[in-house]
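A.B. asks: Below is one structure. I have some questions about it.
The values are calculated or read from the model by the stated rules, or taken from the named source; none is laboratory data. What you see is a predicted model; the values in this text were computed from it and never measured. When we count neighbours, we look across all protein chains shown, and the Cβ atoms used for this are built from the backbone with ideal geometry, even at glycine.
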Amino acid sequence: MEYYSHYKIDSWSDGEIMSSDKINFSGQVVLVVGAASGIGRSTAELIQSRGGTVVLADFDNSGLASLQKKLGLGDSHVKNVNLGDQSSVQALITSVISDHSQIDALINTVGVTGPTNTKTEEMEWAAFERTVTINLFGTIWLTQAVLPHMKAEKYGRIAHVTSIAGKEGNPGMHAYNTSKSGMIGFIKGVAKEVATEGITINALAPAVIRTPMNTVTSGETLKYMLDRIPMGRVGEAEEAAEMLAFMASSACSFTTGFTFDASGGRATY
Ligand SMILES: NC(=O)c1ccc[n+]([C@@H]2O[C@H](COP(=O)([O-])OP(=O)(O)OC[C@H]3O[C@@H](n4cnc5c(N)ncnc54)[C@H](O)[C@@H]3O)[C@@H](O)[C@H]2O)c1
């Protein structure tokens, strides 16, 4: 009894202070890949507002420049990368380590939709391959490149954005579904491999979020997805950012290999 009351006083009162500290990023370098737009942009803004040193990466230089200006960042905080090119991904990680010495958290929000509303037998291979290369291989290459640095620090947080499409599959989006479910499987295995090394790696699976990405989704596919959201609305980039900020923080210490949901109730698993 005494033990419990002692535990309560020390852990609960400290715990409350600690939990607000744990979502603060002071002293941490957080690399946000896909930061030029949408979910990545909102996440970078949120992490900086919570004290983090953010490094923005994307292949859209004008999107990067506008966020750089908004956040008042120096040039060493802005990196061009093509996630469809392994050497570009490796160069990104090398460059961030060289400029900032560490990467405490990696958040990867890059994603391309690829073909939508396409029958299996009509899939065009180059478009399929491009989608899988950027979404899935890009995720793998980023993880491979950052892990040695996190292992050396015995600390790291990795958060990749997958999709409801990777859990449930959207008709006509075969390349996207394949890439996003591949990410989920990859992340589960890596999580177990590094579980004792202070590193967590998780995924976020949003349903429809209001970002520029959906401007290229066909009306039919968009209706299919919206009809399945019990909350009856699209999500906002800021809502996804909140989840990613948690996954990238030291507060996310006992969950790894998991796919968090952000689907307005569509996926309750
Ligand atoms: N918006 C949604 O409804 C939704 C739903 C489920 C999952 N997602 C996922 O969320 C993530 C973020 O999407 P978003 O909605 O913010 O989209 P977005 O298009 O606004 O942002 C994606 C970013 O990725 C960058 N990018 C694309 N290809 C790249 C490449 N080869 N190299 C480097 N950068 C590249 C783009 O320039 C852009 O800044 C994606 O992984 C997407 O699949 C989005």
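A.B. asks: If a residue must be more than 10 Å from the ligand (Cβ to nearest atom), assigned to a loop (DSSP other than H, G, I, E, B) and at pLDDT 95 or above, how many such residues does region 153-171 contain?
C.D. replies: Of the residues in region 153-171, 3 are more than 10 Å from the ligand (Cβ to nearest atom), assigned to a loop (DSSP other than H, G, I, E, B) and at pLDDT 95 or above.
A.B. asks: Search region 73-94 for residues that are assigned to a helix (DSSP H, G or I) and pair each with any residue that is within 13 Å of the ligand (Cβ to nearest atom) and at pLDDT 95 or above when their beta-carbon atoms are under 6 Å apart and the residues are at least 6 apart or on different chains.
C.D. replies: Listed by first residue and then by second, the contacts come to Gln86/Trp141; Ser88/Val81; Ser88/Asn82; Val89/Trp141; Val89/Leu142; Leu92/Ala57; Leu92/Lys79; Leu92/Val81.
A.B. asks: Which condition number does Leu226 fail, the rest of (1) modelled with pLDDT under 95; (2) of a type outside the set (Val, Ile, Thr); (3) part of a loop (DSSP other than H, G, I, E, B) being met?
C.D. replies: (3)
A.B. asks: Related question: For region 147-185, name all the residues that are hydrophobic (A, V, I, L, M, F, W, C) and more than 14 Å from the chain's Cα centre (by Cα).
C.D. replies: If the condition is that a residue be hydrophobic (A, V, I, L, M, F, W, C) and more than 14 Å from the chain's Cα centre (by Cα), then Leu147, Met150, Ala152, Ala165, Met173, Ala175 are the ones that fit.
A.B. asks: Which of the following residues is crowded, with 19+ Cβ neighbours inside 10 Å, away from the ligand (no atom under 11 Å from the Cβ), closer than 20 Å to Val32 by Cα and in contact (Cβ under 8 Å) with a residue 12 or more places away in the chain: Ala248, Ala262, Ala240?
C.D. replies: Exactly one residue qualifies, and that residue is Ala248.
A.B. asks: Among all residue pairs at least 6 apart or on different chains, which show Cβ distances below 7 Å where the first residue, located in region 10-38, is more than 14 Å from Asp58 (Cα to Cα) and small (Gly, Ala, Ser) and the second is away from the ligand (no atom under 16 Å from the Cβ) and modelled with pLDDT of 95 or more?
C.D. replies: Ser19/Ala251; Ser26/Gly51
A.B. asks: Does Ala159 meet the test of being out of contact with any strand residue (DSSP E or B) (no Cβ under 8 Å at 6 or more places or on another chain) and in contact (Cβ under 8 Å) with a residue 12 or more places away in the chain?
C.D. replies: Answer is no for this residue.
A.B. asks: Only residues that are surrounded by fewer than 16 Cβ atoms within 10 Å (Cβ to Cβ) and not in a helix (DSSP H, G or I): list them for region 95-122, please.
C.D. replies: Hits for region 95-122 are Ser101, Asn117, Lys119.
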